[in-house]
Amino acid sequence: MIDAIGPMIELSDLERLLGVTFEDKSVLVHALTHRSFLNENPGDGQTDNERLEFLGDSVLDFVVAEYLYHRYPQLQEGNLTSLRAAVVQERMLAEFARHLKLGRYLRLGRGESATGGRDRPPLLCATFEAVCGAVLLDQGFPAAKSFILRFIVPAIEAVMREHLDKDAKSRFQEWT
């Protein structure tokens, strides 16, 4: 059984932040393992988080699409697509990861860590998606949906309130 991912970093601390207690702790460790870590630790027995990132990206897109479909029945397909894109963009997902302090828990290689990888938006975005995939695999779809909705509902409300789903050109065209 895996209880920690490194010296002094307990998985239970991260699970409290996530609001999820994993049945299989190795799934969570997998979600936190960047390929740079494996390059420096080839005998670790883990794989990198890229497959979980793929799965998490898909479930995230589905949960957001389903939520938007039901929450905004008056919106047309193009508006729903713009809204979804505004919420699942790299910057927004990296902010979710920062909120969860995922950078602190990442298993990175020394080089990646030394060059600021723990706060790099693409890496944080990918890790958030991998964690979504890990929650899905370990806890099932209802738990993954609940986990994702905690983040996307307030984000969607902010996007709608501030019209962040439209680029500057679209806003100008509407204004004119």
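The values are calculated or read from the model by the stated rules, or taken from the named source; none is laboratory data. Everything numeric here is computed off the predicted structure, so don't read it as measured data. When we count neighbours, we look across all protein chains shown, and the Cβ atoms used for this are built from the backbone with ideal geometry, even at glycine. Quick note on the areas: whole protein, heavy atoms, side chains included, nothing else; ligands and nucleic acids left out. Shrake-Rupley method; radii C 1.70, N 1.55, O 1.52, S 1.80 Å.
Assess whether Glu15 counts as being of a type outside the set (A, V, I, L, M, F, W, C) and open to solvent by 40 Å² or more (accessible area, probe 1.4 Å).
On the way: of a type outside the set (A, V, I, L, M, F, W, C): yes; open to solvent by 40 Å² or more (accessible area, probe 1.4 Å): no.
When the stated conditions are applied, Glu15 does not pass them.
Ser58 meets all of the listed conditions (1) small (Gly, Ala, Ser); (2) open to solvent by 50 Å² or more (accessible area, probe 1.4 Å); (3) modelled with pLDDT under 95 but one, namely (3). When His70 is tested against the conditions (1) under 19 Å from Phe151 (Cβ atoms); (2) surrounded by 14 or more Cβ atoms within 10 Å (Cβ to Cβ), the lone failure is (2).
Annotation: Ala130 fulfils all but one of (1) modelled with pLDDT under 95; (2) small (Gly, Ala, Ser); (3) surrounded by 20 or more Cβ atoms within 10 Å (Cβ to Cβ); the unmet one is (1).
A search for C-beta distances below 7 Å between a residue of the stretch 126-139 that is β-branched (Val, Ile, Thr) and any residue that is open to solvent by 20 Å² or more (accessible area, probe 1.4 Å) and modelled with pLDDT of 95 or more, counting only pairs 6+ apart in sequence or on different chains, returns Val135/Ala143. Scan the stretch 108-121 for residues that are open to solvent by less than 20 Å² (accessible area, probe 1.4 Å) and either of a type in the set (D, E, K, R) or out of contact with any Phe, Trp or Tyr (no Cβ under 6 Å at 6 or more places or on another chain) (or both) and report the count. The number of residues fulfilling the criteria is 1.
Leu137: more than 17 Å from Leu28 (Cβ to Cβ), modelled with pLDDT of 95 or more and either part of a helix (DSSP H, G or I) or in contact with a Phe, Trp or Tyr (Cβ under 7 Å, 6 or more places away or on another chain) (or both), yes or no?
Details: more than 17 Å from Leu28 (Cβ to Cβ): no; modelled with pLDDT of 95 or more: yes; either part of a helix (DSSP H, G or I) or in contact with a Phe, Trp or Tyr (Cβ under 7 Å, 6 or more places away or on another chain) (or both): yes.
No.
The residues on offer are Leu124, Leu149, and the sole one that is modelled with pLDDT of 95 or more, surrounded by fewer than 17 Cβ atoms within 10 Å (Cβ to Cβ) and either in contact with a helix residue (DSSP H, G or I) (Cβ under 9 Å, 6 or more places away or on another chain) or outside any helix (DSSP H, G or I) (or both) is Leu149.
Can you say whether Gly111 is in a helix (DSSP H, G or I) and either more than 23 Å from His163 (Cα to Cα) or in contact with a strand residue (DSSP E or B) (Cβ under 9 Å, 6 or more places away or on another chain) (or both), as far as the supplied structure shows? Spelling it out, Gly111 is indeed in a helix (DSSP H, G or I) and either more than 23 Å from His163 (Cα to Cα) or in contact with a strand residue (DSSP E or B) (Cβ under 9 Å, 6 or more places away or on another chain) (or both).
When residues in the stretch 46-55 are screened for being open to solvent by 60 Å² or more (accessible area, probe 1.4 Å) and modelled with pLDDT under 95, 1 of them pass.
This table checks each residue for (1) surrounded by 19 or more Cβ atoms within 10 Å (Cβ to Cβ); (2) outside any helix (DSSP H, G or I).
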| site | (1), (2) |
| --- | --- |
| Leu28 | yes, no |
| Val63 | yes, no |
| Leu75 | no, yes |
| Thr81 | no, no |
| Ala97 | yes, no |
